Amino acid sequence: MSHHVTPFDNTAPWVTGMLSTPQGDIPIVSTQLTHKDITGTWKVRWGIGRMNYKIKPGLYAVGHPEPTSPVLVSANYKLTFDSLRKELAGLDTWLLILDTKGINVWCAAGKGTFGTAELVSRLAKTSLSAVVTHRTLILPQLGASGVSAHEVTKKTGFVVVYGPVRANDIKAFLAAGNEATPEMRTVQFTLRDRLVLTPMELVPAVQKSLPVLGGLFLTNQFARRPLDKHDAAAITGALAAGTVLTPALLPVIPGKAFAWKGWLLGLGWTSGYLSKVKRFKKGNRLLSAGELLLLPAISSFFAMNFTGSSTYTSPSGVKKEMKKALPWIIGSAVAGGAMMLAAHLFGRRDAS
Amino acid sequence: MKHRYLKNVTTLTLSAPQCIGCGRCAEVCPHGVFTIIDRKAQINDKNRCMECGACANNCPVNALSVDAGVGCAHAFIMGWLTGSEPSCDCSGGSQCC
């Protein structure tokens, strides 16, 4: 009698077959990503369906693993799963997928869902101790924020080995006998790493702005000094400075605090642009002065938010920079906004 | 490129007398904060610590401690406004991790 060890979705196109074991049938997963997987990745990077992009947790197989084959542990966020399996071509391993509610390893570890309790529970649910004869689990290093290796051993007898930070080092790690170089154990934050996160900074920022822009569209109908395409460009540029440009240029912008970096870029943009379109001339000064106060504050605020997506900021550091920056951000935003509103509603009609 | 953040803010502490030099902290730290010298862990560079908590979680003798909380600005703001602990149990919907 064969039953499924893992209650996976058997219409999943990434399952290429079933492996029979005495404990039951285990789905074999493909190590090739398809067009659908790539599109899926792109969509979640833009926030589409991101909270529901997951697979069923449980035990899966890569290649044709034996009871002596290594066990790699990961999370049930499909992007994580795809990033992992595409690096395993040609290997024979077991994949123990934990229920992190569709969240990636590092975030889930921080929240505790990629944690000791879930690992212990999943070991029991999949009867892994009957499937493999060894007692070693290879965990992604970034899972260590949520997993206590000695607790796992105490509770299950399995020994935890932390593998490399990046999946693309797994082959080399295994080939070296489960040895990692210092480079494999260090987290980066490359330009590419930073850029892929920017859509999830930009999209919510734009969504938050829509009611305000809607309000301004209404006031534009009767305001003495309607906001025009230059104002729109200035505002858009400030949003982009905070959500995209600051992350992109992060290490080369002076200063350590993200709020400061965002403010610098926002000020540079606003003053440069307004100057170029000659907005410091008579009749526009109140509006432009307001923009000089408000727009860098907006850029600063969104840049400060990027700390939550970074790989090297500490909560203590974030708290410190927020306590310093928020009063200035709020103060200049309120002052700048008030000046802009005054110029907009009551300003000179003939200003251009 | 080494990214540098604010200095002298970390809550990381290491109790050398308790350390047994097992090496778990060096194994799990994502920023190479620790080295093991003469069977004792040492902190190379405190300012690289991001308070992820991996080291304290995996020290079998509790020689390490750190306040490894949520690092998300949104969570802090909500925590300050509601007077509660910041959490990542987001009702921020799709914007949260």
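The values are calculated or read from the model by the stated rules, or taken from the named source; none is laboratory data. Note that the structure is a prediction, hence the values are computed from the model and not measured. Cβ atoms come from the backbone with ideal geometry, glycine included; neighbour counts cover every protein chain shown.
Structure notes:
- Subset of the stretch B:44-62 (residues that are touching a helix residue (DSSP H, G or I) at 6+ places or on another chain (Cβ under 9 Å), more than 7 Å from every other protein chain (Cβ to nearest Cβ) and either modelled with pLDDT under 95 or over 12 Å from B:Val28 (Cβ atoms) (or both)): B:Val61, B:Asn62
- Considering only residues in the stretch A:169-185 that are surrounded by fewer than 18 Cβ atoms within 10 Å (Cβ to Cβ) and in a loop (DSSP other than H, G, I, E, B), the one that is nearest to the chain's Cα centre (by Cα) turns out to be A:Glu183.
- Summed over the stretch A:42-69, residues that are surrounded by fewer than 16 Cβ atoms within 10 Å (Cβ to Cβ) and either among the polar types (S, T, N, Q) or without any contact (Cβ under 8 Å) to a residue 24 or more places away in the chain (or both) total 6.
- Enumeration of residues in the stretch B:56-67 that are within 15 Å of A:Gly110 (Cα to Cα) and either surrounded by fewer than 22 Cβ atoms within 10 Å (Cβ to Cβ) or of a type in the set (Asp, Glu) (or both): B:Asp67
- Applying the set (1) under 30 Å from B:Cys22 (Cα atoms); (2) away from chain B (no Cβ under 14 Å); (3) without any contact (Cβ under 8 Å) to a residue 60 or more places away in the chain to A:Lys171 leaves exactly one unmet item: (3).
- Remark: pairs (first residue in the stretch B:1-23, more than 8 Å from chain A (Cβ to nearest Cβ) and surrounded by fewer than 18 Cβ atoms within 10 Å (Cβ to Cβ); second residue among the β-branched types (Val, Ile, Thr) and part of a loop (DSSP other than H, G, I, E, B); Cβ separation under 7 Å; 6+ apart in sequence or on different chains) = B:Gln18/B:Val61; B:Ile20/B:Val61.
- Options A:Arg122, A:Arg166: the member that is within 27 Å of the chain's Cα centre (by Cα), among the basic types (Lys, Arg) and more than 23 Å from B:Cys55 (Cα to Cα): A:Arg122
- Count of the stretch A:101-136 residues which are without any contact (Cβ under 8 Å) to a residue 40 or more places away in the chain and of a type in the set (Ser, Thr, Tyr): 4
- Of the residues making up the stretch A:123-142, those that are within 27 Å of A:Gly90 (Cα to Cα) and either among the small types (Gly, Ala, Ser) or part of a loop (DSSP other than H, G, I, E, B) (or both) are A:Ser127, A:Ser129, A:Ala130, A:Val132, A:Thr133, A:His134, A:Arg135, A:Pro140.
- In summary, A:Arg224 fulfils each of the numbered conditions (1) modelled with pLDDT under 95; (2) part of a helix (DSSP H, G or I); (3) of a type outside the set (A, V, I, L, M) with the single exception of condition (2).
- Residues of the stretch A:242-281 that turn out to be among the aliphatic types (A, V, I, L, M), in contact with a Ser or Thr (Cβ under 9 Å, 6 or more places away or on another chain) and without any contact (Cβ under 8 Å) to a residue 60 or more places away in the chain, as a count: 8
- Scanning the stretch A:143-163 for residues that are away from chain B (no Cβ under 11 Å) and either in a loop (DSSP other than H, G, I, E, B) or of a type in the set (Gly, Ala, Ser) (or both) returns A:Gly157, A:Phe158.
- Some residue of the stretch A:277-297 being away from chain B (no Cβ under 14 Å), of a type outside the set (Asp, Glu), assigned to a helix (DSSP H, G or I) and in contact with a His (Cβ under 8 Å, 6 or more places away or on another chain): yes
- Filtering the stretch A:104-112 for residues that are buried (at least 22 other Cβ atoms within 10 Å of the Cβ), under 28 Å from B:Gly53 (Cβ atoms), β-branched (Val, Ile, Thr) and under 19 Å from the mean Cα position of the chain (by Cα) leaves a non-empty set.
- Assessment of the stretch A:3-11 against the conditions (surrounded by 16 or more Cβ atoms within 10 Å (Cβ to Cβ) and either within 14 Å of chain B (Cβ to nearest Cβ) or in a strand (DSSP E or B) (or both)) yields no matching residue.
- Filter result (surrounded by 24 or more Cβ atoms within 10 Å (Cβ to Cβ) and farther than 19 Å from A:Gly308 by Cα) within the stretch B:42-55: B:Cys55
- Given (1) surrounded by 16 or more Cβ atoms within 10 Å (Cβ to Cβ); (2) in contact with a helix residue (DSSP H, G or I) (Cβ under 6 Å, 6 or more places away or on another chain); (3) outside any helix (DSSP H, G or I), index of the condition A:Tyr312 fails: (2)
- Reported count of residues in the stretch A:99-135, each being within 14 Å of chain B (Cβ to nearest Cβ) and among the hydroxyl-bearing types (Ser, Thr, Tyr), is 3.
- Test: residue in the stretch A:137-146 that is in contact (Cβ under 8 Å) with a residue 60 or more places away in the chain and more than 23 Å from A:Thr181 (Cα to Cα): no
- Test: residue in the stretch A:70-87 that is assigned to a helix (DSSP H, G or I), crowded, with 17+ Cβ neighbours inside 10 Å and β-branched (Val, Ile, Thr): yes
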